[in-house]
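Enquirer: Here it is, the structure in full.
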Amino acid sequence: MITGFQIPVLHAQHTFGSLNAVWDYALSNNPENTIYQLKIEQAEQDKKTADSHLYPKATLNFSGQKNMDIPETPVPGELLGKPGETVFLQFGQNYSYSEGLTISKTLFDWQSHYQSKITKLNVTLRNAEKSYYEQTLKEQIGQVYYAGLTANEAVKIGDRDLEVADSLLFIAKDRFVQGLIDGLTFNQAKINRNNVFEKLGQSKQYQRQCLCNLKLLLGLAPEDTLKLTESILTGFQSGGDSLAPDLNEKYTELYRLQTNISDFEAKKTRAKFAPKIDFIRYYGYVQYQRDFTMSFQSSEWRANNYLALSISIPLFTGFSNKSQYHAAKISRSIAEINYQNEIRKSAINDSILVTNCLVSKNLAISASETYQISLNSIDLAAQKYAQGLIGLDEYLRVFDDYLTFENQYLSRLSDYFINKATIEARK
């Protein structure tokens with residue numbers, strides 16, 4: 001017997017080198033996006049159901065009937081030798097059976113016509129909802145993706161900062177033991193080192209959080225591994241932050257379709273006042289018996305075929321149709337107001353988004369330049385300290401300023417990419 005053998009568990013590994021690659025994967029694997037696709041298919045089936053009024057309907061039926069009281073029919077008495085009198089006779093049997101095929105076709109039904117229009121618009125609406133969800137999904141993924149790249153950059157910078165802080169702390173400790181610096185300078189070196197260490201830990205935690213959030217949006221399993229290989233500077237240097245008018249058209253399209261549906265709902269309600277016309281063709285047979293018996297012999301069945309035209313006109317329904325029509329008109333007005341209001345708000349929000357993106361990009365560029373200058377200052381301070389031109393306390397002060405500018409740089413970079421992700425998702 002073999003013991004101690006375990007089947008290895010294989011975890012999927014996903015590596016993405018661009019935002020478009022992440023988007024493509026998400027659109028195919030996000031569970032909620034799959035649900036939106038199923039809703040489209042469901043709406044298409046509802047449309048087929050609504051269109052069934054265009055086709056004739058066939059019904060095969062069989063029925064049996066016991067006549068408790070056979071109705072009497074008045075006939076002239078002359079037929080029975082009773083001139084001048086009216087005689088009441090019963091025609092029929094106590095039991096009757098019928099079987100046949102009924103074929104009917106609706107010729108005129110405005111309610112079914114408008115219901116078909118509504119279901120067709122519902123299919124379009126479900127497609128629009130899926131399209132808007134995909135846009136929203138891409139926005140969320142873009143923001144998390146760029147946040148992950150920013151976290152990668154922060155971890156890379158943090159590792160380098162920790163090396164510098166450890167080096168400064170080692171030098172400060174050595175100088176403090178030799179009595180060349182005071183405790184204040186030594187304490188500052190320890191504080192700087194601890195701050196860098198804590199910041200690096202926070203950056204790594206944020207990095208893991210971004211990857212976990214990205215897993216949720218991509219539909220990945222918890223045990224899957226995810227890696228982003230693109231550099232944040234690649235996205236920072238690329239342009240294309242401008243937007244065409246009505247950039248949020250997929251959002252306002254939902255309100256336009258809802259307005260159209262409410263219009264057809266009002267027309268459908270108004271159609272309740274219109275007549276409904278059906279054409280009926282019946283092919284059948286009937287059998288009469290005195291007792292509760294039924295014969296299967298063809299001679300006992302008599303043909304019973306007819307054509308019929310049914311016209312139904314609602315005359316009074318307790319004012320319910322009228323009230324429903326007025327309520328539908330109010331719903332249509334509400335939908336129209338919502339649509340126009342969302343267009344107005346969307347235009348304002350789009351303008352704010354573009355402005356914020358341009359401003360945040362300029363601030364990020366400025367912060368990047370300041371960061372690079374402060375990074376260069378660290379190297380200059382190290383050289384001057386090695387040459388004995390500055391003291392350790394001034395070297396630490398330069399490093400402390402560098403950490404401040406580094407925080408500003410990463411913060412400005414994050415603000416810019418939040419706006420950039422939204423814009424790129426809407427193109």
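Enquirer: Residue pairs, Cβ under 9 Å, 6 or more apart or interchain, first in the range 31-46 and more than 13 Å from Leu125 (Cα to Cα), second among the aromatic types (Phe, Trp, Tyr). List them.
Expert: Once the first residue is more than 13 Å from Leu125 (Cα to Cα) and sits in the range 31-46, its partners that are among the aromatic types (Phe, Trp, Tyr) give Glu32/Tyr133; Asn33/Tyr133.
Enquirer: Test Asp379 against the criterion of being assigned to a helix (DSSP H, G or I) and either touching a Lys or Arg at 6+ places or on another chain (Cβ under 7 Å) or more than 30 Å from Asp182 (Cα to Cα) (or both), and give yes or no.
Expert: No: the conditions fail for Asp379.
Enquirer: I would also like to ask the following. Assuming Lys215 fulfils every condition listed in (1) open to solvent by less than 50 Å² (accessible area, probe 1.4 Å); (2) touching a helix residue (DSSP H, G or I) at 6+ places or on another chain (Cβ under 7 Å) apart from one, which condition is it?
Expert: (2)
Enquirer: If Ile390 satisfies all but one of (1) part of a helix (DSSP H, G or I); (2) surrounded by 15 or more Cβ atoms within 10 Å (Cβ to Cβ); (3) β-branched (Val, Ile, Thr), what's the number of the condition it fails?
Expert: Among (1) part of a helix (DSSP H, G or I); (2) surrounded by 15 or more Cβ atoms within 10 Å (Cβ to Cβ); (3) β-branched (Val, Ile, Thr), the lone unmet condition for Ile390 is (1).
Enquirer: Tell me which residues, restricted to the range 367-385, are open to solvent by 60 Å² or more (accessible area, probe 1.4 Å) and either among the polar types (S, T, N, Q) or at pLDDT below 90 (or both).
Expert: Within the range 367-385, Gln372, Asn376, Gln383 meet the criteria.
Enquirer: Can you tell me which residue among Leu228, Leu257 is open to solvent by less than 30 Å² (accessible area, probe 1.4 Å), of a type outside the set (Val, Ile, Thr), out of contact with any strand residue (DSSP E or B) (no Cβ under 8 Å at 6 or more places or on another chain) and at pLDDT 80 or above?
Expert: Of the residues listed, the single one that is open to solvent by less than 30 Å² (accessible area, probe 1.4 Å), of a type outside the set (Val, Ile, Thr), out of contact with any strand residue (DSSP E or B) (no Cβ under 8 Å at 6 or more places or on another chain) and at pLDDT 80 or above is Leu257.
Enquirer: Restricting the search to the range 302-325, which residues are among the hydrophobic types (A, V, I, L, M, F, W, C), within 30 Å of Phe62 (Cβ to Cβ) and without any contact (Cβ under 8 Å) to a residue 24 or more places away in the chain?
Expert: Answer for the range 302-325, where residues must be among the hydrophobic types (A, V, I, L, M, F, W, C), within 30 Å of Phe62 (Cβ to Cβ) and without any contact (Cβ under 8 Å) to a residue 24 or more places away in the chain: just Ala303.
Enquirer: Then there is this: Look through the range 268-291, keep the residues that are at pLDDT 85 or above, under 19 Å from Ala50 (Cα atoms) and among the charged types (D, E, K, R), and return whichever of them is farthest from the chain's Cα centre (by Cα).
Expert: Asp278
Enquirer: Out of curiosity, is Lys361 part of a helix (DSSP H, G or I) and either open to solvent by less than 80 Å² (accessible area, probe 1.4 Å) or under 30 Å from Glu153 (Cα atoms) (or both)?
Expert: For Lys361, the condition - part of a helix (DSSP H, G or I) and either open to solvent by less than 80 Å² (accessible area, probe 1.4 Å) or under 30 Å from Glu153 (Cα atoms) (or both) - is met.
Enquirer: While we're looking at this one, here's another question. When residues of the range 10-43 are filtered for being part of a loop (DSSP other than H, G, I, E, B) and more than 21 Å from Tyr146 (Cα to Cα), how many remain?
Expert: Summing the residues that are part of a loop (DSSP other than H, G, I, E, B) and more than 21 Å from Tyr146 (Cα to Cα) in the range 10-43 gives 3.
Enquirer: Let me ask something else. Return only the number of the condition from (1) at pLDDT 85 or above; (2) more than 30 Å from Gln209 (Cα to Cα) that Glu129 does not satisfy.
Expert: (2)
Enquirer: Any idea how many residues of the range 22-39 are open to solvent by less than 20 Å² (accessible area, probe 1.4 Å) and farther than 15 Å from Leu226 by Cα?
Expert: Of the residues in the range 22-39, 2 are open to solvent by less than 20 Å² (accessible area, probe 1.4 Å) and farther than 15 Å from Leu226 by Cα.
Enquirer: Could we say that Tyr339 is surrounded by 13 or more Cβ atoms within 10 Å (Cβ to Cβ), among the hydroxyl-bearing types (Ser, Thr, Tyr) and more than 30 Å from Glu265 (Cα to Cα) here?
Expert: It is false that Tyr339 is surrounded by 13 or more Cβ atoms within 10 Å (Cβ to Cβ), among the hydroxyl-bearing types (Ser, Thr, Tyr) and more than 30 Å from Glu265 (Cα to Cα).
Enquirer: Being in contact (Cβ under 8 Å) with a residue 24 or more places away in the chain, touching a Lys or Arg at 6+ places or on another chain (Cβ under 6 Å) and more than 30 Å from Phe16 (Cα to Cα): is that true of Tyr132 here?
Expert: no
Enquirer: Consider Gln140 against the criteria (1) farther than 30 Å from Tyr25 by Cα; (2) open to solvent by 70 Å² or more (accessible area, probe 1.4 Å); (3) not small (Gly, Ala, Ser): it satisfies all of them except one. Which criterion is unmet?
Expert: (1)
Enquirer: Restricting the range 76-129 to residues that are over 30 Å from Phe279 (Cα atoms) and of a type in the set (Asp, Glu), which is surrounded by the most Cβ atoms within 10 Å (Cβ to Cβ)?
Expert: Filtering first and then ranking leaves Glu129.
Enquirer: List the pairs whose first member sits in the range 365-384 and is of a type in the set (A, V, I, L, M, F, W, C), whose second member is outside any helix (DSSP H, G or I) and crowded, with 18+ Cβ neighbours inside 10 Å, and whose Cβ atoms are under 7 Å apart, counting only residues at least 6 apart or on separate chains?
Expert: none
Enquirer: Name every residue in the range 317-326 that is open to solvent by 50 Å² or more (accessible area, probe 1.4 Å) and either assigned to a helix (DSSP H, G or I) or among the polar types (S, T, N, Q) (or both), in order of residue number.
Expert: Thr317, Lys322, Ser323, Gln324, His326
Enquirer: Name every residue in the range 382-408 that is among the aliphatic types (A, V, I, L, M) and more than 17 Å from Arg193 (Cα to Cα), in order of residue number.
Expert: Selection gives Ala386, Leu389, Ile390.
Enquirer: Answer yes or no: is there a residue in the range 354-370 that is farther than 24 Å from Ser231 by Cα and hydroxyl-bearing (Ser, Thr, Tyr).
Expert: Checked the range 354-370: at least one residue is farther than 24 Å from Ser231 by Cα and hydroxyl-bearing (Ser, Thr, Tyr).
Enquirer: Condition check: in contact with a Lys or Arg (Cβ under 7 Å, 6 or more places away or on another chain), aromatic (Phe, Trp, Tyr) and touching a residue at least 24 places away in the same chain (Cβ under 8 Å). Does Tyr409 satisfy that?
Expert: Considered against the rule, which asks whether it is in contact with a Lys or Arg (Cβ under 7 Å, 6 or more places away or on another chain), aromatic (Phe, Trp, Tyr) and touching a residue at least 24 places away in the same chain (Cβ under 8 Å), Tyr409 comes out as no.
Enquirer: Also, I was wondering about something else. Filtering the range 393-421 down to residues that are open to solvent by less than 60 Å² (accessible area, probe 1.4 Å) and hydroxyl-bearing (Ser, Thr, Tyr), which residue is farthest from Leu169 (Cα to Cα)?
Expert: Here the residue is Tyr416.
The values are calculated or read from the model by the stated rules, or taken from the named source; none is laboratory data. What you see is a predicted model; the values in this text were computed from it and never measured. With ideal geometry, Cβ positions are generated from the backbone for all residues, glycine too; neighbour counts draw on all protein chains shown. These area figures cover heavy atoms from the full protein model, side chains too; ligands, DNA and RNA do not enter into them. Shrake-Rupley method; radii C 1.70, N 1.55, O 1.52, S 1.80 Å.
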